[in-house]
Amino acid sequence: MKTLADPNRALAEGLARLRREFQVPAEFPPEVVAAANDAAARAPSEHVDRTGTRFVTLDPVTSTDLDQAFAIERSGADLLLYYAIADVAWFVDEGGALDAEAWQRGETLYLPDGKAPLYPQVLSQGAASLLPDGPRPAVVFTVRVPADGIARLDGAERAVIRSTAKLAYDTVRDEDLPEGFAELARRIQAAEDRRGAARVDPPEQEVIALGDGRYRLAFRPRLASEDRNAALSLAANLAIAAALQEHRTGLFRVMAGPSEQAIARLRHTARAFGLDWPAETELKQFERTLDAADPRHAAFMLAIRRAGNGASYAPYRDGVVPWHAAMAATYAQATAPLRRLADRYVVQAALAVANGRPVPEGVIAAFERLPKVMARADSLSGRIDNAVIDLAEAIMLRDRMGEIFDAVVTDIDERGARIQLADLPIVARVSAHRVHPGDAVRVRLEAADPEHRSLAFERVG
């Protein structure tokens, strides 16, 4: 999640306004709930029995919409990742009430005080979720990971699995995990380094109460267990993307690299945080030196995320290699169908090609429609994330009116100078003349308005 945690409900009133403003759905229509209840009662009939395999899940401790479970075994020098993905397509009838509502929503929306799920809870946190309270239908992908970390899809099948443990990032122990978990993650991460991948995973921000109605933004450290778990998902997605591309079909996640202007702005931001970014070092090389446990590095990682061009979806096209610059690879997303509409269709396509069957016509047609639908959903999610951050920043600074802050100008346009505060992960604007990107400035906070989620600064001499 990129949104802010709010353990002390400091943002409660503002979040209620935000939900109204962005029309975040509070519940599902009755006909969708009825369809979900009927679907939840379905018994798997096209699934082989894999309940004898020890699958586990690894997620935040509070998560109940569990898309993935995994098991690992050795095959000579290779590692085999059995990656079970919730079989959402088993529960959702194409063209039915559940399907129509999912196409309207596009993805689960996350806010600090709760989420608006893609599917009703009876499915997303019940019958379709890979919880350890009984057998569940899934699509199990077999991903072969040799010593070089280049993942390959060996097979896929519909199966009934049983998760034996719901593990949590902050409490999991090495002995709780399948043998080979750390080694598999190391192989994937080493392959990323060799490709020159530049993925940035900033830690989550949260609001901490300081007393007397004052708050500050802080970063929750990202744990090693999260990074290793993400490597498993990455391996599956890369293997599936390669298989789809080879079979001339699919829906891919694509992204161009940051522009020269964005990189120049990031250099000024690094200066604001006092980070030593040598002039001869490329951004992707500098990123590998960042430590999310350092608040300055964490803030800069967030700035990198904001500086990107943003990822989008693209269906297969003859003669076009879909490329994701941050991954430095052809990439697809298939591992979160409970939370993203597009993943349901990518899973169906991958299941078909892995078994030598043609991709269903309905799936191919969906690949053409999904980019627009997912762009709308991603945009709404991003606007909500930004609004939550703006709200928290305004609450954090509301009692600091008149205070002077050090900042660095990161760029200039017709709206004035964009500044990065030196001691806080806050980007703002200020009217300033005769300044250039990279200049150090001092600014006074003139207004902090939580109701309008806005800050106003004025330059001081």
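Bear in mind that the values in this text are calculations on the coordinates, not laboratory data. For clarity, every value in this text was computed on a predicted model and none was experimentally measured. FYI the Cβ positions are ideal-geometry reconstructions off the backbone, even for glycines, and counts take in every protein chain you see.
Of note:
- Sorting the segments 405-412, 72-79 by their mean number of nearby beta carbons within 10 angstrom, highest to lowest, gives 405-412, 72-79.
- Considering only the chain, percent of DSSP beta bridges that pair antiparallel, nearest 5: 90
- Cα gyration tensor shape of region 412-461, rounded if a/c is under 1.5, else prolate or oblate by comparing a/b with b/c: prolate
- Region 1-84: relative contact order as a whole-number percent, Cα under 8 Å and 6+ apart: 14
- Annotation for Thr64 and Ala365: the two label points, set 7 Å from Cα along the Cα-Cβ direction, are 3.6 nm apart.
- A viscosity of 1.567 mPa s and a temperature of 4 °C, combined with the Kirkwood radius over C-alpha pairs in the Stokes-Einstein formula, give region 351-410 a diffusion coefficient of 80 µm²/s.
- For the chain, adding -39500 (n - 2.57) for each run of n ≥ 4 DSSP H residues and dividing by the number of residues yields -11000 deg cm²/dmol at 222 nm.
- Note on region 218-375: Rg/Rh from C-alpha atoms, Kirkwood Rh, equals 1.04.
- Overall form of region 218-310 per C-alpha gyration tensor (a/c, 1.5; a/b vs b/c): oblate
- For region 339-461: relative contact order, % (alpha-carbon pairs under 8 angstrom, 6 or more apart): 21
- Span-rule helices in the chain, defined as complete DSSP H runs reaching 20 Å or more along the axis (Cα) with Kyte mean at least -1.0: 181-195, 224-246, 341-354, 361-397
- Spin-label model distance (nm) - Ala209 vs Arg442, 7 Å beyond Cα toward Cβ: 3.5
- Residue-span extension gain [Val321 to Glu179] - 0.36 nm each, minus C-alpha spacing: 47.6 nm
- Dipole magnitude (debye, nearest 20) for the chain, charges at Cβ of Lys, Arg, Asp, Glu: 640
- Kirkwood hydrodynamic radius computed over the chain comes to 23.6 Å, based on all pairs of distinct alpha carbons.
- The value of relative contact order for the chain, using C-alpha pairs under 8 Å at least six residues apart, is 18 percent.
- Loop sites in region 252-341: GluC sites (Glu not before Pro), DSSP, at most 12 other Cβ within 10 Å: Glu280, Glu282
- Total lysine pairs under 29 Å (Cα atoms) in the chain, excluding pairs fewer than 8 apart on one chain: 6
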